[in-house]
1. What nm distances, shortest first, do you get from the label point of B:Asn15 to those in the other copies when the point sits 7 angstrom along Cα to Cβ?
2. As a test of reading the structure, rank B:Met122, A:Met12 by solvent-accessible area (1.4 Å probe, protein chains only), most first.
3. Probe radius 1.4 Å, ligands and nucleic acids ignored: give me the carbon and sulfur share of the accessible area of region B:1-72 as a rounded percent.
4. Please give every one of the lysines within straight-line cross-link reach of B:Lys196, meaning a C-alpha to C-alpha distance under 28 Å, and leave out same-chain neighbours fewer than 8 residues apart.
5. Looking at region A:50-177, I'd like the Rg to Rh ratio, where Rg is from alpha-carbon atoms and Rh is Kirkwood's inverse mean 1/r.
6. With the label 7 angstrom out along Cα to Cβ, how close does B:Ser39 come to the same site in each of the other copies, in nm, nearest first?
7. Residue separation times 0.36 nm, minus the C-alpha to C-alpha distance between B:Asp29 and B:Asp108: what's the value?
8. Would you mind listing the distances between the B:Gln176 label point and the same position in each other copy? Use 7 Å along Cα-to-C-beta, nm, one decimal, shortest first.
Number of protein chains: 2
Amino acid sequence: MEAHSQGYPYDMILNNIARFVDLADEEKDLFVSFWKKGSAKRKEYVLEPGGITKYEYFVTKGCLKVYSLDPSGGEHVNMFAIEDYWTGDLASFTLQQPSTYFIKALEDSEFLTITKDNFERMLREIPKLERFYRILYRNSLVNYIKRTNEGISLTAEERYEIFLSTYPQIANRITQKDLAAYLGITPEFLSMIRSKITKRS
Amino acid sequence: MEAHSQGYPYDMILNNIARFVDLADEEKDLFVSFWKKGSAKRKEYVLEPGGITKYEYFVTKGCLKVYSLDPSGGEHVNMFAIEDYWTGDLASFTLQQPSTYFIKALEDSEFLTITKDNFERMLREIPKLERFYRILYRNSLVNYIKRTNEGISLTAEERYEIFLSTYPQIANRITQKDLAAYLGITPEFLSMIRSKITKRS
DNA sequence: CACCTTTCTTAAACTAGTTTATTTTTTAGG
DNA sequence: CCTAAAAAATAAACTAGTTTAAGAAAGGTG
């Protein structure tokens, strides 16, 4: 138990924040007050498209799948959010436009949520957090740029191997079907890739 | 001439900043002191991969092409940066890793540059800018997410039409070849798409 | 304004990844 | 521990986009 501990799940989010900025104890209390606990059972939806996203999420337990459906019903997975990950539909949350994403729990999950009003109030009352979110968004941007480039310039097989080495802790928690939807290919083609790799080694 | 004008190109970058935060006159002077003018003639390289990116860029005139080459030499355009656009290789600049991008002037161009040291000093001395860059990165992230999703779930033809309607002011300044490299297809296939659309209408 | 280079088009053969369908394996949960 | 349902594997026919090549149109520089 560290000094001024808030206990699970608040210590988890505070430790995440502490990577980039130091909050004073009273700022920590204030910070925590803006976030609410939430949870979802396996297979339950955390978010469905159509309406405007109410919350941004910080996952403290479990695994969420963030995805959209294309016009012909195909699933495209944007990210898998496990413990200590920030997620949500940033476009819908930011621009207050209808969401295009589904968020579904792949395991029994717990998370913290914040509304847009509270998010803005929080940044006004704790200006230090502007720096935190500046760095968080910048890092996300760097990752997105990398992923976009991979999608454009690498084969499905290369993208598969990069995923395995980048996210080993996620790879063994999800199905082939969901992984295929993340890689942008069909489960059948992923299956071909896997059997090809197995034969090779 | 507005109050406390710094003249071209500094008014341009200050107006861009003013979209999200208000700087006091002395903050404007300080801000401007961190940026240096740069320029490149048509076809000249602003950045070549291999080394660590020294600068981030704010374009004030002309048009820059930001791109990378895949293992077999194919060009992949990340963005076209015209007047009032921020650009650079954020991954290399941020993580101080070797750059993987080329930046080439498509027209005679002018821009402002900042080093990483100055960028960090600037944020320490003008904390209000944390908010500006938080919003800038968040907006970039929203755009990247949208573009990634388009690349995954739309056909080349759909992506072409979205590009035309989203960036009409860029579309008529670049070649088909560069546009194809942005869309992730060959110039030959873009040519096919165009003739198909022409016949249809 | 004329040449030379670069860009754009057209078309045919080709390939990475999809679609559809059937069978086998794994998994959750009563 | 069993069983229904979901996931994974295999295979053949198919499609979006590539590759190669060769000719037509633009465009910048002497």
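1. Computed spacing set for this position: 4.9 nm.
2. Details: B:Met122 0, A:Met12 45 Å².
Output order, biggest surface exposure first: A:Met12, B:Met122.
3. Details: 1990 of 3990 Å².
Carbon-and-sulfur percentage of accessible area, whole number: 50.
4. Excluding near neighbours in sequence, the set is B:Lys65, B:Lys146, B:Lys177.
5. Details: Rg = 15.8 Å, Rh = 16.2 Å.
Rounded to two decimals, Rg/Rh equals 0.97.
6. Spelled out, the distances from B:Ser39's label point are 6.5 nm.
7. Working: separation 79, 0.36 × 79 = 28.44 nm, distance 2.76 nm.
Contour length minus Cα-Cα distance gives 25.7 nm.
8. Label point to label point, same position, other copies: 4.2 nm.
The values are calculated or read from the model by the stated rules, or taken from the named source; none is laboratory data. As the structure is a computational prediction, the values presented were derived from the model and not from experiment. Counting neighbours? That spans all protein chains shown, and the Cβs are built from the backbone with ideal geometry, glycine included. These area figures cover heavy atoms from the full protein model, side chains too; ligands, DNA and RNA do not enter into them. Shrake-Rupley method; radii C 1.70, N 1.55, O 1.52, S 1.80 Å.
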